[in-house]
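Novice: To start, I am sharing the structure in question, which I have written as structure tokens.
Values quoted throughout were computed directly from the atomic coordinates according to the rules given, and no laboratory measurement underlies them. Because the structure is predicted, anything quoted here is derived from the model rather than measured. So basically every Cβ, Gly included, is an ideal-geometry build from the backbone, and we count neighbours across all protein chains shown.
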Amino acid sequence: MAGGIFTNLDNQCNVDCINIHPLVCHLCHEQYQSPCLLDCYHIFCARCLRGRTNDNRLSCPLCGYPSVVKGNNTLPPEDRLLKFLVDNNADAEETVQCANCDQERMMYFCNTCSQPLCGACRELTHKARMFSHHEIVSLAKRNKAKHRKCSLHEEPYILFSTENTSMLCIKCFRDMQVESRTHCIDIETAYMQGCEMLDQAVLVVKELQTSTREAIVLLRAMIGEVCLNVEEEENAICSLFNSLQEKLAERKKILLRAAQSQHEEKEKALKEQLSHLTALLPTLQVHLVTCSAFLSSANKFEFLDMGYQLMERLKRIVKLPHRLRPVQSSKINTDYRSEFARCLEPLLLLGQRCPPSVAGSANIAMSWHAEAVGPLCSVLGRRPTSHRNICTKVLLAEGKETPFTEHCRNYENTYKTLQTEIQNLKDQVQELHRDLTKHHSIINTDKMGEILDRSLHIDSQIATQYSTVETMRVMFEEIWDETFQRVTNEQEIYEAQLHDLMQLKQENFYLTTIARQISPYILSIAKVKERLEPRCCNVLPSYCPSAPILLD
């Protein structure tokens, strides 16, 4: 039978409801005997459900839905409707003979006489007037005794209560409350209304059946699509994995070259400084030995004749620009984590593109805010500069000629020039500060004025360069919109350039502040010296552009 397909749950996708007999159990594949209705509305024989109850719960053998078994019963309640259909089916298959002629033909049943009749006897025996009120129906629709009479009063049913949905005999009607009698109708009317209501319920179930079949078709199609989609997804995963490996391998080579470039650059600078200091050390040693020997061998006259010459030489040696601090740090920083993440962004779509104008404004605001937070910004600003240098070298190493690469070349030249000038001014201010605080030397005010003038001039150059770079934003935005693959790297370099310019501006601001702070001390010392030795002191020239600043 068709019920055999339910033995394997995997085959439920292939269920054809048309081939399922409504009176056959899905487990034993035989006609129902004492059918039991579960909470999921699946029906099984009572004998098929015995022994399946656990803690007053019975799981459906078909769908697994748990049904609650009430009371001491080990089985769900009997399905009266299906039992009625099973009994009718058995009666229909039973051989019935006509009560009048014993023939087996198309049979009818007289509910009044409670006798089966064939078609011929129905016409012959029930033509008389006395049989005109007999109720004759087809054999399948004959009234059973238990459905015709009230089980409580043994009286025939005559009415139907729409309130309780139950049939009533005359005694049941008399026992009812007066308010409930208004809901009683005759059997025929109740039958017609019930048929109409059943038709409506059947239409709803048919709609659900249609929707269920459509859902089954859809699910079958989706199962097929899942098989195709998993194959496509696996191919996409493998393809992306290979692309990631290629990108990471390329970026690895670039980062290794950048690390080697930093190594060579730092090693060269440190070796040059080491060579200078190595050459300086013997000179210092020789002069110290010379001083010791001169003191031990020279008399008073020889000391006064050549001692001041030796002291002047020692002062000049000390005043020479000696870079005792390392000009480069020993750390190699390629920012490899960010670089690896950045090269994967186009493939993994990790970050959404930020509008250039918004990003630029944010960086500008952050740079201007740095003026208020002190030297900490200078330390934090080194990382973007290092990252920009690496990205710029990588971009120029690719060899592609674009407006942005040309801009980067011009920018690097200008930036290095400004950076060199700032470094020179920093060295000069550092020397002046050391002479003032450590050696207590007399500082030439003209030199201080030149430093301030040069600082103001560099500040204007930085502002001009910043404006020049800022005016190119519109042109680069158009190019970035057309070439999105390169925009992330170029934008970061561009914003880092602006950030570096603001960093130079910040360093120049600190330099100017320090120069202004030590200027009053220099002027005070110069005035004292002028009073003591007017001829040996240089007066602050009136034509010096920085005189108002120094006198402030």
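Novice: Treat each spin label as a single point 7 Å out from the Cα along the C-beta direction, and report the Val68 to Gln245 distance in nm.
Specialist: Placing both labels 7 Å along Cα→Cβ, they lie 5.9 nm apart.
Novice: Using 7 Å Cα-to-Cβ label points, what is the Leu256/Glu450 separation (nm, one decimal)?
Specialist: Inter-label distance under the simple model: 5.0 nm.
Novice: Determine ³J(HN,Hα), in whole Hz, for all residues of region 432-438 in sequence, where each value follows from phi through the Karplus function 6.51 cos²θ - 1.76 cosθ + 1.60 and θ = phi - 60°; x replaces Gly and Pro.
Specialist: 5, 5, 5, 5, 6, 8, 9
Novice: Give me a comma-separated list of calculated 3J(HN,Hα) values for region 322-330, in order, Karplus coefficients 6.51, -1.76, 1.60 applied at θ = phi - 60°, integers in Hz, x for any Gly or Pro.
Specialist: 10, 8, 7, 8, x, 6, 10, 7, 8
Novice: Over the Cα atoms of region 194-327, Rg to Rh with Kirkwood Rh, two decimal places?
Specialist: With Rg and the Kirkwood Rh in hand, the quotient comes to 1.83.
Novice: Suppose every K and R has +1 on its Cβ and every D and E has -1 on its Cβ; what is the size of the dipole of region 194-327 about the Cα centre, in Debye to the nearest 20?
Specialist: Around 1800 debye, computed over region 194-327.
Novice: Separate question: Can you pull the semi-axes for region 393-506, root of five times each eigenvalue of the Cα gyration tensor, sorted largest first, whole Å?
Specialist: 38, 13, 10
Novice: Could you go through region 229-245 in sequence order and give the Karplus-derived ³J(HN,Hα) for each residue, using 6.51 cos²θ - 1.76 cosθ + 1.60 with θ = phi - 60°, rounded to whole Hz, and x for Gly and Pro?
Specialist: Result, rounded to whole Hz: 5, 5, 5, 5, 5, 5, 5, 5, 4, 4, 5, 5, 4, 5, 5, 4, 4.
Novice: Now for a separate question. List the residues whose amide H sits under 5 Å from the amide H of Gln103, counting only those 5 or more places along or on another chain, with H placed 1.01 Å from N in the peptide plane.
Specialist: Those lying under 5 Å, H to H, from Gln103 are Cys98.
Novice: Restricting attention to region 280-336, which trypsin sites (Lys or Arg not before Pro) occupy a DSSP loop and are surrounded by at most 16 other Cβ atoms within 10 Å?
Specialist: Arg323, Lys331
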